[in-house]
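*Asks:* Here it is: the structure, laid out below.
Quick note: the coordinates plus some simple rules give every number you see, no bench work behind them. Quick caveat: nothing in here was measured; it's all calculated off a predicted structure. Cβ atoms come from the backbone with ideal geometry, glycine included; neighbour counts cover every protein chain shown.
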């Protein structure tokens, strides 16, 4: 092996070690816990939903483009499909109020501590039943007494548990991002594991869901994190290292 080859080998080895050390320094920053990001996907089984509530069904889904729009029974433009409805996680750190009784719920939950804070979600639903139309909207996910709740907000009732997650599975990936999935049930009324309105109601108690139906699975929710980009510095360092190794290899061949 020539002196040039030996030096090239040393340079390559040093470069690999440097890159490993550099990415190791980056890893704690990206893998540490962070505010929850991503999208929640919700599916409602209207047959089960109707059974649980004595005839109520979810009729329309309005996506994030309707965040500042007052939701009414006559509002056009929604989707009648209740399968795989997309509720993006809000990125605002404080709740924002809009006309028409709408709010954009804040996301304050750290992926490493799901017992505190909340996950704001964009999207709205309309329901039809014996009393006419109802409008669950301005959702957030939060834990009450260790139980995940899908909570609505409006200025009249304020925070009210719409549905709860049963068989919930949560995990944090290598980038420090939360994944969550579970079956949706109505659960019961006011308790340490629900968010009850200022009138002491949950959607379950308001709709008169019977005890026998409180644990009936009426849908499913899954939360998937947003992709975490590799820091630009890592790309620049890696590209520069590869270029340097390429030049070194060329010199090595020329000297052979």
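*Asks:* What is the gain in length, in nm to one decimal, between residue 157 and residue 57 on full extension, counting 0.36 nm per residue of separation less the C-alpha to C-alpha distance?
*Replies:* Between residue 157 and residue 57, full extension yields 33.9 nm more.
*Asks:* For a Förster distance of 45 Å, can you work out the FRET efficiency between the beta-carbons of residue 133 and residue 173, rounded to the nearest 0.05?
*Replies:* 0.70
*Asks:* Rounded, prolate or oblate: which fits region 39-224 when a ≥ b ≥ c are the square roots of the eigenvalues of the alpha-carbon gyration tensor, with rounded for a/c under 1.5 and prolate only if a/b beats b/c?
*Replies:* It is rounded, given that a/c, with a ≥ b ≥ c, falls under 1.5.
*Asks:* OK, next. I'd like the FRET efficiency for residue 101 and residue 65, computed as 1/(1 + (r/R0)^6) with the beta carbon distance as r and R0 of 22 Å, rounded to 0.05.
*Replies:* Working from the Cβ atoms, E equals 0.80.
*Asks:* Mind giving me the nanometre distance, one decimal, between the label points for residue 193 and residue 211, set 7 Å out from Cα along Cα→Cβ?
*Replies:* Once both label points are built, they end up 1.5 nm from each other.
*Asks:* Kindly state, to the nearest 0.05, the FRET efficiency for residue 50 paired with residue 94, given R0 = 41 Å and r defined as their beta-carbon distance.
*Replies:* 0.65
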